[in-house]
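Asks: For reference, the structure I am asking about is given below.
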Amino acid sequence: MEKCMTWLEKELQGLVLCDEIREKAKAMGFNRKQLKEARKELGVRCWHQFDKNGATSNWFWYIEGKNK
């Protein structure tokens, strides 16, 4: 889990689409359980994008204080 957590922290240097992170994590060999545990340990937050028509399908992950 430590390896996944280190990787995730490097990836989340701002708002990143959660679907993008999930795809990259899978390609790196991390499963959903590992990713979920790493998110919890790092305190990863979610943000749902809205536009003039309301909610979009875009969900983003970020670590507070690491937004650039």
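The values are calculated or read from the model by the stated rules, or taken from the named source; none is laboratory data. Note that this is a predicted model, so its numbers are computed, not measured. A quick note on method: Cβ atoms are made from the backbone with ideal geometry, for glycine too, and the neighbour counts reach across all protein chains shown. We work out accessible area using only protein heavy atoms, side chains counted, and drop any ligands, DNA or RNA first. Shrake-Rupley method; radii C 1.70, N 1.55, O 1.52, S 1.80 Å.
Asks: Give the number of residues within region 48-68 that are in contact with a helix residue (DSSP H, G or I) (Cβ under 8 Å, 6 or more places away or on another chain) and either at positive phi or open to solvent by 70 Å² or more (accessible area, probe 1.4 Å) (or both).
Replies: Total satisfying the criteria: 1.
Asks: Further question: Scan region 45-63 and tell me whether some residue there is touching a Phe, Trp or Tyr at 6+ places or on another chain (Cβ under 8 Å) and assigned to a helix (DSSP H, G or I).
Replies: No, region 45-63 has no match at all.
Listed here are the residues, each with its yes/no results for (1) assigned to a loop (DSSP other than H, G, I, E, B); (2) surrounded by 18 or more Cβ atoms within 10 Å (Cβ to Cβ); (3) modelled with pLDDT of 95 or more.
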position	(1), (2), (3)
C4	no, yes, yes
L8	no, yes, yes
Q13	yes, no, no
D19	no, no, yes
R22	no, no, yes
F30	yes, yes, yes
Q34	no, yes, yes
E37	no, no, yes
K40	no, no, yes
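Asks: What are the pairs with Cβ atoms under 8 angstrom where one residue, in region 21-38, is over 11 Å from M1 (Cβ atoms) and the other, located anywhere, is small (G, A, S)? Sequence gap at least six, or different chains.
Replies: Correct list of pairs: empty, since none qualify.
Asks: Being under 10 Å from F60 (Cβ atoms) and open to solvent by 80 Å² or more (accessible area, probe 1.4 Å) is the requirement here; does R45 meet it?
Replies: yes
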